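Visitor: Have a look at the structure that comes next, please.
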Amino acid sequence: MYDPLFQPWTIGTLTLKNRIFMPAMHMNMCRNFQVTDQLIDFYRKRAEGGAALISVGYATVDELSGTPLNIGAHDDAFVPGLARLASAIKEGGAKAAIQLNHAGRYNASFFLGGKKPVAPSPVPSRLTKETPRELAVEEIKETIIRFADAAERSREAGFDVVEILAGTGYLISAFLSPFTNQRTDQYGGSLENRMRFGCEVIEAVKDRLGKDFPVLVRINGNDFMKGGIGAKDLQTFALALTESGADALCINVGWHEAQVPQIVTKVPRGVFAYMAREIRDKVMVPVIASHRINDPETARRLLSLGYCDAVAIGRALITDPDFPAKAERGEEDRIVHCVACGQGCFDNIFKMKAVECVCNPRAGHERELKQDNPEVLKQVMVVGGGVAGMSAAIAAAERGHRVKLYEKSMRLGGQLHLAGAPPGRGEFLVFANDMTRQLAEAGVQVVLNTEVTRETLAELNPDTLIIATGGSPVTPSISGVDLPNVVQAWDVLAGKTQAGRKVAVIGGGAVGVETALMLAEEGTLSGEELKFLLVNQAEDPAELARLATDGGREVFLIELIDKLGTNFGKSTRWGMLQDVSRFGVKPCVGAKVIEITPAGIRFEIGGEIREISADTIVLAVGTRSENSLKKAAAELGIHFQVVGDANEPGTVFEANHQGFSSGRSI
C-alpha cells in the first residue's frame, strides 16, 4: 500500500529513503566544542531507528557563534570528531547533515570570556539581557567566509548535507528583521539589503562546496515578533535563498523571544505546517514542515495534502528513536509519543545539562545503559501503577525478572490523568496509554483494583519490592478547611466535583495554576465553534477572541510566596503565566490565607486583611508522600526501594527516571 511517509525524495543530488528528517537540536553533549561519545551514541541510535536524514548541531562557525557545549566546526581541530559523528549516523542507516549557525545577539558574554556578542545593530536581547556589539562591514564579510570554511570542514568530515540556520532570532535572521537591524549601509534598510547577509552566506557556502553538494536552509515562516518581519517578507526571503543556491528549505517558526508558544504541549500537532505550504507554493525546491509533528498520522496528512515534501520530527525521535521503523512496519501503536513538556530537552539547555527526556529515560544515556543480564532472576513486586511504578516494572522486566504490578484503582497512569485533564494537556493521557502498553510488551503481570497490605506482602514475600504508592493532596491547617464549599484540586481535575461561578484556588504552584486555568477556560468557545463563527463572519474577530478566553467564571489564585508556578519548567512557565492573564485569572501573590468561611476566604497581604467572596474554595497546596508499606516491608525483612512521589513529591520526569533506575538496579 502506498505510504507517503516512506517514499524516496531528493535534496539536490542526494536521494533520501523516506520523508522523515530529524532536525538539529541543542543537545549540550559536547565538551569544549568537541564531539563526545555520548553525542555519537545518541545519534547512532536515532539513525538505526529509520530516519532518512539526521541533522546535528547547531555547529559553530567562529569563536563568537556558540558555546563550548555546541558542536565545534570553526577550527580544523574539530574535524576528527565531526568525522566520527558523521560516520556513526551513516553506519546507522541515515544520511548525515550538519547545521551551521551563528548565535549573534543570542550568545552571552559569559560564554565568550567577557567579550560582547555581536549583531547587525546594538539592540538588547530579551533572552540574555545583554546589548550586543554592532558588526563592522569587514567583520560581516569575514563571518560569511567563516560560514564557508565551516561548511568545507563539514564536507571533509563526511557529512552528506550542510544546513544553514537562517531563523529563530540568530545572526542571519537578526540581519533580516527590522527589529534587530537598524543599519543604514548595504546590509540594512530595505528588505533587499536586509536579505543580503543571508543570501551571501548561502552563495559563499554553495561556491565553496560546489553546485552538486546539497545545501539545506532552515528559515522562519513567521517570527512572531512585534516590529519584526512578517510571513510575506519571509516568503520573499525564501525565494531569494533558493536563487542563491539553497537546495531545500526547512520551515521553522518564531524567535526564542516570541510570545507565541511553539513547542509545548498546548501547541496543537502540526499547527504551524501552513507556513511550509505557503512557502512551498512559491519555491521550486523541496520544503520541510516542522514543529509538533509527533505521530505518523499527522505526518502523512501534511504530506498528502501538499503542505510539504518532508516532515521534521525532532523531539519525537528523542522520545522514541524507533518511531520511523515502527511506522514503516505498521506498528504505530507501539510508538512512545513525545508529550511536548520540554522538561528534559529544552529545560535542560537552560540548566547547562545534556538533553534527556521525560518519557524516555534512556535518551542521552545510551552508552551507560547498554543491557547486561542479571546473574539471578528475581520475583519483583511493584506496588503502584503511576509513572514511577510502571517505569520500574518495565525496566525490571526488560532485564528478565518476573514482575507483577499491583494498582489499587481500576486504571494505570496515576497522576498523569490529572496532568492531562486541563485543556491543551491531553498528551499526558497519551503517555499513560503508551506506558500501559509498554507494560504488556515487557511481560509485566498487572493486577488492578487490589490494595496491597502487610498481609499481602507476608503472603507473597517477593525477592524485591518497589513501593511506588504515590502521594495524596495536602489539607492545610486553615480554619474552615472542612466546610462543604472546600474541595481538592485533584478532585476538580479528575472531574469528581464541580466548582461554582466564583472560585478561589489556594496554592499557586503548577497544580494550582493548571486548575485555575482549567476552571477559567470552561465555558469558552471550542475550536470547532470558533471556526464556525469565524468562517461565517458571525462576530467581529476581536469579539471572538474575547469569547475564546472568557468563560464567565471568576477565578482567584492565592499564593503565599511572591511568584506563581515556580515548579514549572522554564519552557512551560512563561506560557502558563501568559494564560493566567489571557483567561482573566486574578492572582494574589504574597498572600497568607487566614480563614475559609461559607462565603469565601480571608487572607493577609502586605499587612492588610482582605476578603474574597467565592462559591468554591479549591485547595492546591502540595502533595504528601504515601509510603506506609515501608514499615511493613522492613519488619518482614523484604528488600525494598521507594520511588516517585512515595519517596518525595516531584515531577513526572523525576518519577519516570527514578522508577527506571530502580528497576534496572535489580
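Visitor: What number goes with the only condition from (1) touching a Ser or Thr at 6+ places or on another chain (Cβ under 9 Å); (2) within 23 Å of Val511 (Cβ to Cβ); (3) loosely packed, with under 14 Cβ neighbours inside 10 Å that Thr616 does not pass?
Guide: Looking at each condition in turn, Thr616 falls short on (3).
Visitor: If a residue has to be out of contact with any His (no Cβ under 7 Å at 6 or more places or on another chain), among the hydrophobic types (A, V, I, L, M, F, W, C) and in a loop (DSSP other than H, G, I, E, B) to count, how many in the stretch 101-160 make the cut? Can you show your working first?
Guide: Narrowing the stretch 101-160 to residues out of contact with any His (no Cβ under 7 Å at 6 or more places or on another chain): 101-105, 107-126, 128-142, 144-145, 147-149, 151-160.
Next cut, among the hydrophobic types (A, V, I, L, M, F, W, C) only: 103, 108, 110-112, 118-119, 123, 135-137, 140, 144-145, 147-148, 151, 157, 159.
Next, only the ones that are in a loop (DSSP other than H, G, I, E, B) stay: 103, 108, 123, 135-136, 159.
Total satisfying the criteria: 6.
Visitor: Just give me the residues in the stretch 193-227 being out of contact with any Phe, Trp or Tyr (no Cβ under 6 Å at 6 or more places or on another chain), over 27 Å from Ala96 (Cα atoms) and touching a residue at least 40 places away in the same chain (Cβ under 8 Å), in sequence order.
Guide: Correct list: Asn222, Lys226.
Visitor: Out of all the residues in the stretch 52-74, which are over 26 Å from the mean Cα position of the chain (by Cα) and either free of Cβ contacts under 8 Å to residues at least 60 places away in the same chain or in a strand (DSSP E or B) (or both)?
Guide: Glu63, Leu64
Visitor: If a residue counts only when it is touching a helix residue (DSSP H, G or I) at 6+ places or on another chain (Cβ under 9 Å) and closer than 24 Å to Ala397 by Cα, which strands (runs of 3 or more DSSP E) contained entirely in the stretch 416-490 have at least 3 such residues?
Guide: 464-467
Visitor: What single numbered condition from (1) under 22 Å from Val580 (Cβ atoms); (2) out of contact with any Phe, Trp or Tyr (no Cβ under 9 Å at 6 or more places or on another chain); (3) modelled with pLDDT of 95 or more fails to hold for Gly552?
Guide: Tallying (1) under 22 Å from Val580 (Cβ atoms); (2) out of contact with any Phe, Trp or Tyr (no Cβ under 9 Å at 6 or more places or on another chain); (3) modelled with pLDDT of 95 or more, Gly552 fails exactly one: (3).
Visitor: May I ask you to list the residues in the stretch 486-503 that are in contact (Cβ under 8 Å) with a residue 60 or more places away in the chain and charged (D, E, K, R)?
Guide: Within the stretch 486-503, Arg501, Lys502 qualify.
Visitor: Against the definition (free of Cβ contacts under 8 Å to residues at least 12 places away in the same chain and surrounded by fewer than 23 Cβ atoms within 10 Å (Cβ to Cβ)), how does Gly637 come out, yes or no? Write out each step before concluding.
Guide: Numbers: free of Cβ contacts under 8 Å to residues at least 12 places away in the same chain: yes; surrounded by fewer than 23 Cβ atoms within 10 Å (Cβ to Cβ): yes.
Considered against the rule, which asks whether it is free of Cβ contacts under 8 Å to residues at least 12 places away in the same chain and surrounded by fewer than 23 Cβ atoms within 10 Å (Cβ to Cβ), Gly637 comes out as yes.
Visitor: Can you tell me which residue is modelled with the lowest pLDDT among those in the stretch 227-261 that are within 24 Å of the chain's Cα centre (by Cα), of a type outside the set (A, V, I, L, M, F, W, C) and surrounded by fewer than 21 Cβ atoms within 10 Å (Cβ to Cβ)?
Guide: Gln259
Visitor: Answer with yes or no whether Ile605 is β-branched (Val, Ile, Thr), modelled with pLDDT under 95, farther than 27 Å from Thr497 by Cα and not assigned by TED's automatic domain parsing to the domain that holds Gly344.
Guide: Working: β-branched (Val, Ile, Thr): yes; modelled with pLDDT under 95: yes; farther than 27 Å from Thr497 by Cα: yes; not assigned by TED's automatic domain parsing to the domain that holds Gly344: yes.
Spelling it out, Ile605 is indeed β-branched (Val, Ile, Thr), modelled with pLDDT under 95, farther than 27 Å from Thr497 by Cα and not assigned by TED's automatic domain parsing to the domain that holds Gly344.
Visitor: Could you list all residues from the stretch 592-621 that are under 18 Å from Val486 (Cα atoms) and small (Gly, Ala, Ser)?
Guide: Selection gives Ala599, Gly600, Ser613, Ala614, Ala620.
Visitor: Which pairs turn up if I take residues in the stretch 129-143 that are over 16 Å from Tyr170 (Cβ atoms) and look for partners that are in a loop (DSSP other than H, G, I, E, B) and β-branched (Val, Ile, Thr) with beta carbon separation below 8 Å, at least 6 apart in sequence or on another chain?
Guide: Taking only residues 6 or more apart or on different chains, the pairs are Thr131/Val123.
Visitor: Scan the stretch 321-347 residue by residue and report those that are in a helix (DSSP H, G or I) and buried (at least 23 other Cβ atoms within 10 Å of the Cβ).
Guide: Within the stretch 321-347, Phe323, Pro324, Ala327 meet the criteria.
Visitor: Among the residues of the stretch 209-223, count how many are buried (at least 18 other Cβ atoms within 10 Å of the Cβ) and not in a strand (DSSP E or B).
Guide: Here the count works out to 6.
Visitor: Here is a follow-up. For the stretch 303-315, enumerate the residues that are in a helix (DSSP H, G or I) and surrounded by 24 or more Cβ atoms within 10 Å (Cβ to Cβ). First the steps, then the outcome.
Guide: Applying the first criterion (in a helix (DSSP H, G or I)) to the stretch 303-315 yields 303-304, 315.
Matches in the stretch 303-315: Arg315 only.
Visitor: Now for a different question. Counting only residues that are outside any loop (DSSP other than H, G, I, E, B) and farther than 16 Å from Ala86 by Cβ, how many does the stretch 22-39 have?
Guide: Qualifying residue count for the region: 2.
Visitor: If a residue must be surrounded by 24 or more Cβ atoms within 10 Å (Cβ to Cβ) and under 13 Å from Ile140 (Cα atoms), how many such residues does the stretch 175-193 contain?
Guide: Count: 1.
Visitor: For Thr524, indicate whether it is surrounded by 16 or more Cβ atoms within 10 Å (Cβ to Cβ), assigned by TED's automatic domain parsing to the domain that holds Glu635, out of contact with any helix residue (DSSP H, G or I) (no Cβ under 6 Å at 6 or more places or on another chain) and among the hydroxyl-bearing types (Ser, Thr, Tyr).
Guide: Taking the combined requirement at face value, the residue does not satisfy it.
Visitor: If only one of Ala103, Ala94, Ala108 is closer than 26 Å to Glu366 by Cα and either buried (at least 24 other Cβ atoms within 10 Å of the Cβ) or assigned by TED's automatic domain parsing to the domain that holds Leu171 (or both), which one is it?
Guide: Working: Ala103 fails: closer than 26 Å to Glu366 by Cα; Ala108 fails: closer than 26 Å to Glu366 by Cα.
Selected residue: Ala94, the only one of Ala103, Ala94, Ala108 that is closer than 26 Å to Glu366 by Cα and either buried (at least 24 other Cβ atoms within 10 Å of the Cβ) or assigned by TED's automatic domain parsing to the domain that holds Leu171 (or both).
Visitor: Do you know which of the residues in the stretch 430-450 that are of a type in the set (D, E, K, R) and surrounded by fewer than 18 Cβ atoms within 10 Å (Cβ to Cβ) is farthest from Val387 (Cα to Cα)?
Guide: Only one residue tops the list, namely Glu441.
The values are calculated or read from the model by the stated rules, or taken from the named source; none is laboratory data. Just so it is clear, the model here is predicted, and its values are computed rather than measured. For neighbour counting, all protein chains shown are included, and Cβ atoms are generated from backbone atoms with ideal geometry for every residue, glycine included.
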